[in-house]
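Read-outs throughout are calculated quantities, based only on the coordinates presented, and are distinct from any laboratory measurement. Everything numeric in this text was worked out from a predicted model, so none of it was measured. Don't worry about glycine lacking a Cβ; one is built from the backbone with ideal geometry, like all the others, and counts go over all protein chains shown.
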């Protein structure tokens, strides 16, 4: 997982220090075990410091989830320039899966409704919509516009569901065929998702190539 920065505290960056400390603690334990006291101590700040910047624990965790969604969005946008729509959708899924693998605790927090009620934190909710919008745009380039919304939801359900299954240990390397290009296990599954969303290419799966009918 990415290394969380441990910059020393100085006046003006207490908020960032608290969020970085929260993510470090999150990576080392359970969400339920996080406390503002532990976060403040890890950041090298007073116990009062979190209350100077956040309304409470829920507010701090919502801000951390927001940062996670913003990070995910930027990683998804990094492949948005892919020209081939099918390849774009596959790469988008691979990026999503890689994020879930590299930041498992943060990924869990982002989608833990019992911990972070996104709709009660508008900025975090908007950030979550931003990452989904990137996926929707990728799907919209590959399917008829009349089907884009439903297929985007289907695509998200499939890749997110696989990410959760993998994170929970419900699937392993033995369950999937390793990619021939040296990619991560599960990438073949993501590419299958892309094929299911877009539809098979002419000539695949028994469909005759165009002009051969």
Highest to lowest packing among 133-143, 84-94, 109-119, scored as the average C-beta count within 10 Å: 84-94, 133-143, 109-119
Residues 128, 16, 46, sorted so that the one with the fewest Cβ neighbours within 10 Å comes first: 46, 16, 128
Euclidean distance between Cα centres, the stretch 119-166 to the stretch 44-71, Å: 26 Å
